[in-house]
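Step one of this worksheet: look at the structure below.
FYI, it's all coordinate maths here, none of it is from the lab. Predicted model, so just to flag it, every value in this text is computed and none were measured. Methodologically, a virtual Cβ is constructed for each residue, glycine included, from the backbone with ideal geometry; neighbour enumeration extends over all protein chains shown.
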Amino acid sequence: MKAALVLAAALAAACLSTPAAAQKSYGPGVTDTEIKIGNTMPYSGPASPLSITGRVIAAYFDEVNEKGGVNGRKLNLVSLDDAFSPPKTMEAARRLVEGEGVAFIFATMGTAPSSAIAKYLNSNKVPQLFLISSASKWNDPANMPWSMALPWAPNYTSEAAIDVAYARAKNPNARFAVLYQNDDAGKEYLRGIREALGADADKAIAMASSFEVADPTVDSQVLTLANTKADVFMIYSVTPRACAQAIRKAHEVGWQPTRFLASGCANKATVMVPAGLDAGKGVLSLGALKPFVEQPKDDPAMSAYIDFMKKRLPNADVNNVAGLYGYTVAEALVVLLKQCKDNLTRENIMAQASHMKNVPLSLLMPGITLNTTPQDFRPIKDGYMLQFDGNDWVVASELLRGT
C-alpha cells in the first residue's frame, strides 16, 4: 500500500508542477535520444506460435522510430526468448534489468512467465507494463503497484461469467463440460465458471478436466468430456495446439455442444485452420479487438494494419489475432509514453499508466477504450461475443459489460 501511495504522490506532483519543476526527469534506460524497453517472448517452445506478437511489436517500434520516435526519443526494444518457461523468464528479466539497464519490462507473454518475475520487478520498483495475461491477479495495485496487464479481453473471471450468462440465456438448464490448462490462469477460469453458476455449480458442471501445457495431445480429455453429453463445452488454453485439438476431436466424435473458446485462442491462423474450418464453425469467443477483415471497406484503421503487416512482415499471416494484439499493445505503449512527456522516471511512467481515461486504440471495437485508476488496474473490462462462421470471426452480440 505504501508503494501505491508513493506512485499517487508522484502523479500529483507532476500534475501540480511549476514550469521550473517541469524539466526533463529520467529514470534508468532513458536519455534525451532513447528509451530502452525490455521484453520476453516465447520465440521457442510450446507457445512459440504466439511469438508473432513480439515481432509485430518490434516492427511497430521501427515504424515509430522512422517517424522520429516518441517525443524525439527512439524506442530501443531488447526482446529475449523465454520459451514460455518461468525460470527462463526470470533469468531474462534479470539480464534485462541488471545487464541491459532497461527502463521497464513490457508485454511479457503469459500468466505463468509474468508471475515468475512480478515479485522481483515490484521489489526493485521496475514497471511491469502491459503484460499479456487476462488473470485477475494483476488488478492488485495495493500489493503489486508496479505490475499492470493489458489483455485482449476482460480478465478470465469476467470472461467466464459473460460466457456462462450467454450460454444460460440460450439454455437455462445447460450442463457444462470444461477443459482447462493446469496452471493459475486455467484454474482461475474454472473458478470463474463456478462463481458464475453459483449454487448450481456442482449440478451444472458435468465434468472439468485439466491438461498440462507440454502435453502432446488433449484427445483423451476431450473424449472423456464428450461422454458426459454436456450441452456446453468450454475450452481454456493459451497454447493454440491444445485449443485446435479440442475443437477437432469434439467434431470427430460427433459431439455438438455450444462451444466457448478462451479469448486468447480466438485465432483463425493458429487454431481454427489446424482444427479444420468446418470443425470450428459456430465456436464462440469473447473479444475486445476487431475481428480481422481481409478487405475492409469502411475501416481505415484495419486497412492501415493490413498495409503495415504487408510492408513490415510480408511473410507473416496477417489474419493472426496475436499480430493484431501486438500492434494494439505497441500502440498503447506509445500513447502512454507520449503522455509522460519529459518525465520518464519509473515512478511517473507507472503513475501515468494508472491514470488512463477513455484512451482509444485503433483496433479496439466500438465502445471499448482503456481506463485505469490507482485503485483499478484493469484497462479493458468489456467485450463482444464473436462467432467463427467457418471462414472468419464475426461479431455476434452487442457490447457485453464486465464486472
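Of note:
- Cα-based equivalent ellipsoid, segment 156-287: semi-axes from gyration tensor eigenvalues, Å: 20, 16, 14
- Size descriptor for the chain, Kirkwood hydrodynamic radius: 21.6 Å (Cα pairs only, one decimal).
- Computed from the C-beta positions of Asp389 and Met207 and an R0 of 30 Å, the FRET efficiency is 0.55 to the nearest 0.05.
- Surrounding net charge for Thr403, when Lys and Arg each add one and Asp and Glu each subtract one, Cβ distance under 15 Å: -2
- Among beta bridges that DSSP assigns inside the chain, antiparallel share in %, nearest 5: 30
- Taken over the alpha carbons of segment 279-324 as equal point scatterers, the Debye sum produces base-10 log I(q)/I(0) values at 0.15, 0.17 Å⁻¹ of -0.44, -0.56.
- Pairs from Lys170/Lys290; Lys268/Lys381; Lys88/Lys249; Lys88/Lys229; Lys187/Lys357; Lys88/Lys311 whose Cα-Cα separation, in the structure shown, is over 29 Å: Lys88/Lys249; Lys88/Lys229; Lys187/Lys357; Lys88/Lys311
- Rounded to 10°, Cα long-axis angle of helix 156-170 versus longest principal axis of the chain: 40
- When +1 charges are put on Lys and Arg Cβ atoms and -1 charges on Asp and Glu Cβ atoms, the dipole computed for the chain relative to its Cα centre reaches about 460 debye.
- Mean separation of Cα pairs under 8 Å and 6 or more residues apart, divided by the residue count, gives segment 156-287 a relative contact order of 24 percent.
- The chain: calculated mean residue ellipticity at 222 nm from DSSP helix runs of at least 4, using -39500 (n - 2.57): -11500 deg cm²/dmol
- Translational diffusion of segment 204-357, µm² s⁻¹ [Kirkwood Rh, Cα pairs; Stokes-Einstein; 10 °C; 1.306 mPa s]: 88
- Sorting Thr31, Thr40, Thr345, Thr53 from the fewest to the most surrounding beta carbons within 10 angstrom yields Thr31, Thr345, Thr53, Thr40.
- Distance from the alpha carbon centroid of segment 285-319 to that of segment 122-159 works out to 27 angstrom.
- Neighbourhood charge, 11 Å Cβ-Cβ cut-off, centred on Asp62 and excluding it, Lys, Arg +1 and Asp, Glu -1: +3
- Positive-end residue, segment 156-287 charge dipole about Cα centroid, Cβ charges, pick of Thr157, Gly282, Ala262: Gly282
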